[in-house]
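To start, the structure itself, in structure tokens.
The values are calculated or read from the model by the stated rules, or taken from the named source; none is laboratory data. The shown structure was predicted, so the numbers you read here are calculated from the model rather than taken from an experiment. Counting neighbours? That spans all protein chains shown, and the Cβs are built from the backbone with ideal geometry, glycine included. Side chains are part of the model used for accessible areas, which takes the heavy atoms of the whole protein and leaves out ligands, DNA and RNA. Shrake-Rupley method; radii C 1.70, N 1.55, O 1.52, S 1.80 Å.
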Amino acid sequence: MKPLMSCPTRYQQAMIAYLQHTDRAEKQYELSSTKIPEAVVAAVGTTSDVFHYLSIGSGMGDPDIRVLTELRKRYRKIKATIIEPSPDMIAAFKENVRKEGPLLDDVDFLWNAMTLEDYMENEQPKQQFHCIFVVGVVSYLTDLTKCMKYLYKVLDKTGLIAITNGSAKNVFIQMSRKYPNLMEGFSTPATEKLVAVFNEVGAHCTVSEMEAKVDIMPCMQEDSEIGNLLLDLFTHVANFRETAPRDLVDDVIQFLTNPGLLVHRSNDKVTIRNSQDVILVQRPIE
């Protein structure tokens, strides 16, 4: 079986299928268009000549574009540093920015097709950022403590770090605990561990839960390409249904509908939990 992360095109297709079958995008819309911009403005104020923005694990950029669109209403000049290891995702992000037209004309983007760890090795922490958005990427970090301390180091004294992390009710968290040998390169830390890292350096953290669901009905249909893509993402194995032993495929599908994950089941829909924790980090008020 081949790790999904080694197949960038397949991974992007799986992500698109997933986003089409979850209400996470709707939940993130409120987060990225209201909660984060309001928290940033409250912390930073509106007097900065240049607003510095850093995004980690940006994907196709939908949440970042919403945050930046709102921030653009309040700050005259924004410099956005984007870190995303997949060139395909960056290309999609750039296309989404182009579609926004004049709304983001004054945002200066700096694109980095690399992981956060690579960025940390190649970039000296000279620039301080007013907003750092970490979008569901902590599961893929090799050294969580080192990465979080780096982000805190490059946070402006009035800035804000916003992190999304799978909650205990999240399907990916449950899958990684049940099938650790499948989920290569994926290990989501408990939110409490993230908070402990920031507490160690004296940061102030607040945590809230963003409830979300995903419809896995296509996974029940063997001839559904959408279902196959969803299974690939849930297991982090490319072409999982085709390459995994049949008993393992059946076991995964049965696990996805266990009472701990299942929200609703009917003839045309099977929804399971996909909740996220939202962690906001600030420097203590001096």
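Taking (1) closer than 28 Å to ASP143 by Cα; (2) surrounded by fewer than 18 Cβ atoms within 10 Å (Cβ to Cβ); (3) touching a Lys or Arg at 6+ places or on another chain (Cβ under 6 Å) in turn, VAL263 satisfies each apart from (1).
Restricting GLY227, GLY202 to those that are exposed (fewer than 14 other Cβ atoms within 10 Å of the Cβ) and more than 23 Å from SER58 (Cβ to Cβ) reduces the list to GLY202. Selection of helices (runs of 4 or more DSSP H) fully inside segment 206-286 by the criterion of at least 2 residues being free of Cβ contacts under 8 Å to residues at least 40 places away in the same chain, in contact with an Asp or Glu (Cβ under 7 Å, 6 or more places away or on another chain) and on the phi > 0 side of the Ramachandran plot returns nothing. Among the residues of segment 1-35, just one is assigned to a loop (DSSP other than H, G, I, E, B), surrounded by fewer than 17 Cβ atoms within 10 Å (Cβ to Cβ) and modelled with pLDDT of 85 or more, namely CYS7. Return a yes/no flag: does segment 82-101 have any residue that is in a loop (DSSP other than H, G, I, E, B) and either acidic (Asp, Glu) or under 25 Å from ARG283 (Cα atoms) (or both). There is at least one residue in segment 82-101 that is in a loop (DSSP other than H, G, I, E, B) and either acidic (Asp, Glu) or under 25 Å from ARG283 (Cα atoms) (or both).
So ILE285 ticks every box in (1) within 30 Å of MET148 (Cα to Cα); (2) β-branched (Val, Ile, Thr); (3) open to solvent by less than 60 Å² (accessible area, probe 1.4 Å) but one. Which box is left unticked? With respect to (1) within 30 Å of MET148 (Cα to Cα); (2) β-branched (Val, Ile, Thr); (3) open to solvent by less than 60 Å² (accessible area, probe 1.4 Å), ILE285 is out only on (3). Filtering segment 147-181 to residues that are open to solvent by 10 Å² or more (accessible area, probe 1.4 Å), in contact (Cβ under 8 Å) with a residue 12 or more places away in the chain and not in a loop (DSSP other than H, G, I, E, B) leaves LYS149, TYR150, TYR152, LYS153, ASP156, LYS157, THR158, GLY166, PHE172, GLN174, SER176, LYS178.
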